[in-house]
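Q: First, the structure itself, so that you have it in front of you.
The values are calculated or read from the model by the stated rules, or taken from the named source; none is laboratory data. Computed from a predicted structure; not experimentally measured. For the accessible areas, the whole protein counts, side chains as well, though only heavy atoms, and no ligand, DNA or RNA atoms are used. Shrake-Rupley method; radii C 1.70, N 1.55, O 1.52, S 1.80 Å.
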Amino acid sequence: GAPTGKATPLAGKQGTIVTVSDLFYNLPHRRKMNERDEYQRILSTMQRYALHHASEGIGFVCSKRTKGAETYDLNTANMPVVKNLTGRKRCNNNDDSSTTIVEEEERNKATRKVFAQIFGSKIENRL
């Protein structure tokens with residue numbers, strides 16, 4: 001249906017989970033798409049977001065329900081390297097660097113682990 005009021009920005013608390021389902025179910029263009037192709041496009045987009053935001057401690061989950069069974073094709077929210085970064089704020093040092101070397105290594109490790117989950121663990125050794 002149509003919006004009932006004016007949209008306003010709202011910040012979620014740490015650990016907020018946003019669930020989206022049947023987002024485009026009634027659009028004419030969607031009805032022409034193959035359901036599998038549509039899911040692959042959504043998964044691909046979520047994978048890109050997961051890679052981009054891994055170093056910030058933001059995890060993503062992408063799952064589908066088929067015949068009553070739920071399968072997870074992407075789950076970076078439960079990865080320890082991503083969870084360890086959740087809620088951390090970048091600190092500003094006097095020398096204008098935004099993170100310490102240790103924090104930067106942790107952020108890089110999180111990105112590498114997410115990359116390995118998406119593209120396969122063998123590729124992690126080459127990064």
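Q: For region 59-70, check the following and say yes or no: at least one residue is of a type in the set (S, T, N, Q) and at pLDDT 75 or above.
A: Yes: one or more hits.
Q: Between SER44, SER55, which is more than 16 Å from GLU106 (Cα to Cα), open to solvent by less than 40 Å² (accessible area, probe 1.4 Å) and among the hydroxyl-bearing types (Ser, Thr, Tyr)?
A: SER44
Q: Kindly provide the set of residues from region 85-121 that are modelled with pLDDT of 85 or more and among the polar types (S, T, N, Q), ordered by number.
A: Passing the criteria: ASN108, THR111, GLN117.
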